[in-house]
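The values are calculated or read from the model by the stated rules, or taken from the named source; none is laboratory data. Quantities reported herein were computed from a predicted structural model and do not represent experimental measurements. All Cβ positions, glycine included, derive from the backbone under ideal geometry; neighbour counts span all protein chains shown. Side chains are part of the model used for accessible areas, which takes the heavy atoms of the whole protein and leaves out ligands, DNA and RNA. Shrake-Rupley method; radii C 1.70, N 1.55, O 1.52, S 1.80 Å.
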Amino acid sequence: QVQLVESGGGLVQAGGSLRLSCAASGGTFSSYAMGWFRQAPGKDRDFVAHIRWNGRNTYYADSVKGRFTISRDNAKNTMYLQMNSLKPEDTAVYYCAASNYVTPTPQLAQMYGYWGQGTQVTVSS
């Protein structure tokens, strides 16, 4: 029902910042809880961050807490991931995801029914 498109990835030096965007269409954006996942080469897809449908509650993986900030603007049908103090180990393809559940378990990929195609983030040392 909803289509998701990520943007904002690229190449950045360690310690730098990037802001990823996820634009949604084809559904009622405000009805979806949203999340970010990432997958490095040869690795499983890992949870990064989650935000509830109304933006009131957020959740982060321990590896990014304090460095990344998830937010959403329901009026613009867009979710964001602000990434600061980037490290080489943050290098991965980052995926935007949407869930029909109001309060899904944030870190479980199976809770999300809709996924974007991903955007590459590369952090050089």
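The H on the amide N of GLY118, modeled in the peptide plane, is under 5 Å from the matching H of GLU6, CYS96, each at least 5 residues off or on a different chain. Atom-type composition of the exposed protein surface of the range 1-40 places 47 percent of the accessible area on carbon and sulfur (1.4 angstrom probe). Between ARG19 and THR103, the modelled label-to-label distance comes to 3.1 nm, taking each label 7 Å out from Cα in the direction of the beta carbon.
Among TRP36, TRP115, the sequence by solvent-accessible area, most first, with a 1.4 Å probe is TRP115, TRP36. Just name one of ALA75, THR119, PHE47: the one whose Cα is farthest towards the positive end of the charge dipole of the chain (beta-carbon charges, Lys/Arg +1, Asp/Glu -1). Checking the options against the dipole of the chain, the answer is ALA75.
Relative protection proxy for 17-25, 56-64, from highest mean packing down: 17-25, 56-64 (other beta-carbon atoms within 10 angstrom). In terms of packing, defined here as the mean over residues of other Cβ atoms within 10 angstrom, the peptides 95-104, 2-11 line up highest first as 95-104, 2-11.
Normalising the average separation of contacting C-alpha pairs (under 8 angstrom, six or more residues apart) by the number of residues puts the relative contact order of the range 51-121 at 26 percent. Taken per residue, the accessible surface of the chain reaches 51 Å², heavy atoms only and a 1.4 Å probe. Label positions at TRP115 and VAL5, each projected 7 Å from the Cα along the C-beta direction, are separated by 2.0 nm. Assigning unit charges at the beta carbon (Lys, Arg +1; Asp, Glu -1) and nothing else, what dipole magnitude in debye, to the nearest 20, does the chain show about its Cα centre? Dipole about the Cα centre, nearest 20: 220 debye. Please report the net charge: other residues with Cβ closer than 15 Å to the Cβ of ASN74, K and R +1, D and E -1. Local net charge: +3.
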